[in-house]
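Here's the structure we're looking at; comments come further down.
The values are calculated or read from the model by the stated rules, or taken from the named source; none is laboratory data. Computed from a predicted structure; not experimentally measured. Note that each Cβ is placed from the backbone with ideal geometry, even for glycine, and that neighbours are counted across all protein chains shown. Heads up: the accessible areas ignore ligands, DNA and RNA and are worked out on the full protein's heavy atoms, side chains in. Shrake-Rupley method; radii C 1.70, N 1.55, O 1.52, S 1.80 Å.
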Amino acid sequence: MFDYAEAAVEAAQAAGARYADARVMDRRHESMDARNGEIEGMTQDSSVGIGVRALIGSGWGFFATADLDLETVRAAGRRAAEIARASASVPGDDLELVPVEVRQDHWENEVVEDPLSVPLGEKADLMAAATRTMREHGADVALAGYDIWDTTKWLVSSDGHRIDQRIRECGAHMNATAVGETETQRRSYPGIRGQYGTRGWELVREIDLEGNAARIAEEARALLTAPQCPSHDATDLIIGSEQMALQIHESVGHAVELDRILGWEAAFAGTSWLDLSQLGTLRFGSDLMNVTADATLPGALGSFGYDDEGTPAHPVDIVRGGIWVGALSGRDSAALAGLDSSGGAVRGDGYNRLPMVRMTNVGLLPGESSLEDMIAATEDGILVDTNRSWSIDDKRLNFQFGCEIGWEIKNGKRGRMIRNPTYTGIGPRFWASLDMLGNESEWTFWGTPNCGKGQPGQVGHTGHPAVPCRFRGVRVGVRS
Ligand SMILES: [Zn+2]
């Protein structure tokens, strides 16, 4: 496969590209869905092809083909250079690339139990049994499913990179819906999207769908008659780690994508409220807020050995002690922003998509408290968990989130279950009110397998290490 990538890069250079890279990508995907005790559907698909990028002047060109023969890939390289030349006819400064250490390497993530090798019958039994148990415990609709991705990539660049990686990812999800007279309630496990990682089938065994099925079905039914979440202009809000993962994803992760900050990427609620002139000085949150983008975390969904430009995975400080100090970047965006090096965050969704800045594992570093400490320290407040709905403006500043479940906190104790909890805030003001966060034993690497970005759309796999957190003075109210 390296031969095809090398031929494409050489052809792009011969056609005038001052930099080129090519990525052969072979990806297999399998998924299965169960509903109310029966298997509803199953897919197995695969794709293989090559994508070539060429840089001329101020513009990139990209071309992809599924035909892996030497003549076709050379033509793809020439075509990428032609497109770059056409893009560069728009006036603009030459696009520079920050230097990167050139490596020839192989990388693959650790997998205990190859997920595609687990017998289909065994996987089907697990999904069907979980939905059957939810039905037996009060769910009107019970759904469960899993996804497996097995991806091999071969990267060659005109700088000399020659890197192959095999990344295996999997995970599962389930939810129980209870139908009442006027509304429905749903509980999901482990989170709204389930749980995913760069791991083998052992991840699915560990989350124990069957062992949690009865509980979530009973919670969904109990929510139907639970009191509405009260409205408060300002209350103490404790957020469970799964909802924190989405809070981080939407209000920090997307906001610190350098292509959005630079104004390159404005699709799908793009752009950002952050201004590069404030990098290193802007207060993003309280002193307790430490956020990193770390693609080296074992098993997290946003982990890899190298990004799609060959930059080695490494931790990048995003917020340190509440101050905004870093961004998610690639070689070109880093150069334009005046950064010394790439954040190693460039990935493409398949061989036929232009790699772009994507989140790696953007997450909160743990603190010293625990969920139980936070409850004990709260006189009057609300605890919420598991995302249900989200809304955030184009600049990633004003947000409203709904959660599946909540509980009143009175005098340091968890009280009544409440339904339809929501909360709203403005990014930096909200994060400034963070005053307690969970410890390392509560640190969970949540995986988001469906982050949408770009046109044509790309689906990204991102990870979000998170802990339960307490925020002061938050507006909480019923779902509108
Ligand atoms: Zn996203």
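For the chain, the share of DSSP beta bridges that are antiparallel, to the nearest 5, is 90%.
Relative contact order, whole percent, for region 389-464 stands at 20, derived from Cα pairs under 8 Å and 6 or more residues apart. Taking a ≥ b ≥ c as the square roots of the Cα gyration tensor eigenvalues, the chain comes out oblate, since a/c reaches at least 1.5 and a/b does not exceed b/c.
If you take every DSSP beta bridge whose two residues both sit in region 2-225, what share of them, in percent to the nearest 5, is antiparallel? The antiparallel fraction comes to roughly 95 percent.
Surface composition of the chain: carbon and sulfur make up 47 percent of the accessible area, probe 1.4 Å. Work out the FRET efficiency for residue 44 and residue 183 from their Cβ-Cβ distance, taking R0 = 60 Å, and round it to the nearest 0.05. With a Förster radius of 60 Å, E is 0.95. Using a cutoff of 8 angstrom between alpha carbon atoms and counting only pairs six or more residues apart, the relative contact order for the chain works out to 16 percent.
Dividing the helix sum by the residues of the chain, where each DSSP H run of 4 or more adds -39500 (n - 2.57), gives a mean residue ellipticity at 222 nm of -6500 deg cm²/dmol. Sites listed here are GluC sites (Glu not before Pro) in region 349-384 whose DSSP assignment is loop and whose Cβ has at most 13 other Cβ atoms within 10 Å: 368, 379. A straight line joining the Cα centroids of region 380-436 and region 299-349 runs 29 Å.
Surface exposure of region 232-478, expressed per residue as accessible area with a 1.4 Å probe, stands at 33 Å². Listed by chain and number, the lysines placed with their C-alpha closer than 17 angstrom to that of residue 413 amount to none; residues fewer than eight positions away on the same chain are left out. Each residue of region 421-433 was assigned a 3J(HN,Hα) from its phi angle through the Karplus curve 6.51 cos²θ - 1.76 cosθ + 1.60 (θ = phi - 60°); the sequence is x, 9, 8, 10, x, 10, x, x, 5, 5, 5, 5, 8 Hz, with glycine and proline shown as x. First check a/c for region 232-478, with a ≥ b ≥ c the square roots of the eigenvalues of its C-alpha gyration tensor; if it is under 1.5, answer rounded, and if not, answer prolate when a/b is larger than b/c or oblate otherwise. Verdict is prolate for region 232-478. Relative to the current alpha-carbon distance between residue 58 and residue 286, full extension at 0.36 nm per residue lengthens the span by 78.1 nm. One chain, two ends: residue 112 and residue 208. Fully extended at 0.36 nm per residue, the span grows by 32.9 nm beyond their Cα-Cα distance. Sparsely packed loop sites in region 90-160 (the GluC sites (Glu not before Pro) outside DSSP H, G, I, E and B with at most 12 other Cβ atoms within 10 Å) comprise 101, 110.
Using the alpha carbons alone, the radius of gyration of region 2-225 stands to its Kirkwood radius in an Rg to Rh ratio of 1.17. In the context of the full set of protein chains, residues of region 6-70 present 41 Å² of accessible surface per residue (probe radius 1.4 Å, heavy atoms only). Between residue 426 and residue 105, what's the calculated FRET efficiency when r is the beta-carbon distance and R0 is 45 Å? Round to 0.05. Here the calculated transfer efficiency is 0.55.
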